Amino acid sequence: MHKALVIAPNWIGDALMAQPLFTLLKRLHPRLTIDAIAPSWVAPVLERMPEISRVVATDLAHGKLQPLERYRLASVLADEGYDAAYVLPNSLKSSLIPWLARIPLRIGYKGEQRYGLLNVRHANPRKDERPPMVRHYAALAFAPGAKLPETLPTPRIEADLNESARVFARFGLDLRVPLVVFCPGAEFGPAKRWPPGHFAQLAQLMRRSFPYAQIVALGSGKDGALAQQIAADAPFVRNLCGQTSLAEACALLARANAVVSNDSGLMHVTAALRRPQIALFGSSDPRHTPPLSDQAHILWLQLECSPCFARECPLGHTRCLNELMPEHVFANLRNILLTQR
């Protein structure tokens with residue numbers, strides 16, 4: 001096999017957890033060239049992966065078939081000479097482009113009964129037997145049912161320190177002063193978001209012990225209201241949500257002294273950049289989607305009702321996050337910052 005196409009996941013975190021698959025493919029096929037198709041909001045992460053040669057960014061809408069757009073893209077890719085395609089999303093529509101492009105091997109999970117569209121189909125694990133997402137994707141490097149290596153590569157993306165310097169300058173940040181980043185958003189829903197009031201209290205605790213530190217909030221435009229709530233109680237927190245591209249957010253995270261985040265795409269970006277971080281888990285499960293870095297500190301109360309994987313707390317109290325107190329998070333954050341002095 002000389003050339004492969006990857007249909008990337010639709011979420012930043014999932015794309016990063018797929019990187020070990022790409023590393024394994026390169027190890028198994030040393031001369032392999034890997035290209036990727038990715039949504040435009042995920043593409044900057046894949047562009048920073050050394051295993052990926054080219055990224056085709058698309059604006060295909062999530063949840064829509066768009067057959068004409070997929071046919072046009074497949075027509076262009078048909079002349080690229082791909083030997084195989086790895087379809088990482090489970091949807092039927094995600095498998096259309098490799099099939100329309102007549103790529104000989106089309107590999108993925110059974111998903112939405114994709115008979116014919118995929119010709120190498122792995123069985124979907126039962127919900128109570130789901131492996132960590134990294135192992136789920138890595139299995140596609142091998143024949144269906146094959147045993148995986150015990151140890152897998154970990155996600156890692158490359159940072160350009162010159163780019164970081166440019167982005168720091170753009171936002172008036174000082175490279176000589178410690179930077180702490182808050183990531184208050186989580187795309188899936190409120191049950192994954194630590195309360196803004198807790199972030200604000202954490203910022204106040206930070207201010208008392210580390211008055212010289214810069215604190216910024218990063219995220220998409222959807223997270224801007226959360227960051228505004230934080231800044232209302234802690235006005236020294238810079239709200240950059242929605243003001244940076246994903247590439248610029250990566251550049252800032254690459255130089256952060258510490259990051260405090262929910263279980264989100266930016267959590268996985270931070271881990272892949274090997275930056276010190278505190279990852280806050282509520283309704284989701286760090287055994288399934290952990291930040292894969294020895295610089296990560298995971299805080300999870302593991303209540304009897306969690307993980308529930310719900311968008312909103314089905315019991316109406318969200319204790320899994322409300323009872324994760326700012327003082328406890330600060331104790332961990334303080335230790336991280338003191339070790340850097």
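The values are calculated or read from the model by the stated rules, or taken from the named source; none is laboratory data. Keep in mind the model is a prediction, meaning the values are calculated, not measured. Here Cβ is always computed from backbone atoms with ideal geometry, including for glycine, and neighbour counts include all displayed protein chains. Areas reflect the complete protein model, heavy atoms only, side chains present, ligands, DNA and RNA absent. Shrake-Rupley method; radii C 1.70, N 1.55, O 1.52, S 1.80 Å.
Below, the figures for the structure above:
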item: Heavy-atom accessible surface of the stretch 1-59: percent carbon and sulfur, 1.4 Å; result: 51
item: Where trypsin sites (Lys or Arg not before Pro) fall in DSSP loop in the stretch 116-170, at most 12 other Cβ within 10 Å; result: Arg126, Lys147
item: Per residue, in Å², the accessible surface of the chain once ligands and nucleic acids are set aside, probe 1.4 Å; result: 45
item: Trypsin sites (Lys or Arg not before Pro) within the stretch 259-332, DSSP loop, no more than 15 other Cβ atoms inside 10 Å; result: Arg287, Arg311
item: Per-residue HN-Hα couplings for the stretch 9-20 [Karplus 6.51, -1.76, 1.60; θ = phi - 60°; Hz; x = Gly/Pro]; result: x, 8, 10, 4, x, 5, 4, 5, 6, 8, 4, x
item: In degrees, nearest ten, helix 67-77 long axis to first principal axis of the chain (Cα); result: 70
item: For the chain: relative contact order, % (alpha-carbon pairs under 8 angstrom, 6 or more apart); result: 16
item: Electrostatic dipole magnitude of the chain [Cβ: Lys, Arg +1; Asp, Glu -1; Cα centre; debye, to 20]; result: 340
item: Ellipsoid equivalent to the chain - semi-axes via the Cα gyration tensor, in Å; result: 36, 22, 18
item: Surface share of carbon and sulfur [accessible, 1.4 angstrom probe, percent] for the stretch 215-341; result: 49
item: Principal-axis tilt of helix 196-209 within the chain, Cα atoms, nearest 10 degrees; result: 60
item: Estimated [θ] at 222 nm from DSSP helical runs (n ≥ 4, -39500 (n - 2.57)) normalised by residues in the chain, nearest 500; result: -9000 deg cm²/dmol
item: Whichever aspartates and glutamates have a C-alpha closer than 13 Å to that of Lys222, once near sequence neighbours (fewer than 8 apart) are set aside; result: Glu187
item: Charge dipole magnitude, Cβ of K and R +1, D and E -1 - the stretch 208-341, Cα centre, debye nearest 20; result: 420
item: Check: the stretch 191-260 dipole with +1 on Lys, Arg Cβ and -1 on Asp, Glu Cβ, in debye; result: 120
item: Nearby lysines by direct alpha-carbon distance to Lys3 (threshold 30 angstrom, same-chain neighbours under 8 apart not counted); result: Lys26, Lys64, Lys93, Lys110, Lys147
item: Length-normalised contact order for the stretch 1-95 - Cα pairs under 8 Å, 6+ apart - percent; result: 39
item: Overall Cα dimensions of the stretch 257-335 - principal axes, largest extent first, Å; result: 36, 25, 16
item: Contact order relative to length of the stretch 83-176, as percent, for alpha carbon pairs under 8 angstrom and 6 or more apart; result: 18
item: The stretch 292-341 versus the stretch 108-164: alpha-carbon centroid distance in Å; result: 27
item: Area accessible to solvent at Trp11, 1.4 Å probe radius, in Å²; result: 110
